[in-house]
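Colleague: Questions regarding the structure given below will be posed in turn.
The values are calculated or read from the model by the stated rules, or taken from the named source; none is laboratory data. Note that the structure is predicted; figures quoted are calculated from it, not measured. Cβ atoms come from the backbone with ideal geometry, glycine included; neighbour counts cover every protein chain shown.
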Amino acid sequence: MYREDYDGGYGNDRSSDEVYSKPVRAGKRTYFFDVKSTKGNNDFYLTITESKKKVEHDGRFTYDKHKIFLYKEDFEKFTEGLQEVIDYIKANCLKDAPEGGFEHRYRDDFPTPDGQGEEF
């Protein structure tokens with residue numbers, strides 16, 4: 001996906017028990033959906049990591065990371081809850097949003113003068 005996401009913001013968290021990984025670039029954030037196995041390799045779980053690139057005062061880049069561990073017994077309830085909240089937002093909170101407003105995206109590769117990125 002994006003080398004800097006793995007090297008600077010995520011690479012140190014990757015471990016040998018990882019079975020599958022799906023990075024999703026979303027504006028200034030990258031989300032990692034990782035399937036991992038337990039120590040005995042007899043069970044699997046999902047980690048969801050949000051990684052956001054930050055610029056320090058000295059110009060160095062660092063990454064803010066937040067992680068959720070989701071176990072198989074919670075998959076269904078988590079999915080139902082997430083879908084319910086997304087449906088609510090679409091139906092009740094985005095009524096005045098322009099068509100396609102929910103899927104507004106930016107390209108960070110070409111920052112605008114305000115540093116927000118170019119719309120595409």
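To keep it simple, each residue is scored yes or no on (1) modelled with pLDDT of 90 or more; (2) in contact with a strand residue (DSSP E or B) (Cβ under 7 Å, 6 or more places away or on another chain).
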| residue | (1), (2) |
| --- | --- |
| LYS65 | yes, yes |
| GLU76 | yes, no |
| ASN92 | yes, no |
| PRO113 | no, no |
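Colleague: Between a first residue in region 56-69 that is within 20 Å of LEU46 (Cβ to Cβ) and a second residue that is among the polar types (S, T, N, Q), which pairs have beta carbons less than 8 Å apart while being 6 or more apart in sequence or on different chains?
Modeller: Within 8 Å, the pairs are LYS65/THR49; LYS65/SER51; HIS66/THR49; LYS67/THR47; LYS67/THR49; ILE68/THR47; ILE68/THR49; PHE69/THR47.
Colleague: Sticking with this structure for a sec: If TYR45 passes every condition in (1) modelled with pLDDT under 95; (2) within 15 Å of ASP17 (Cα to Cα); (3) of a type in the set (Phe, Trp, Tyr) but one, which one does it miss?
Modeller: All conditions are met except number (1).
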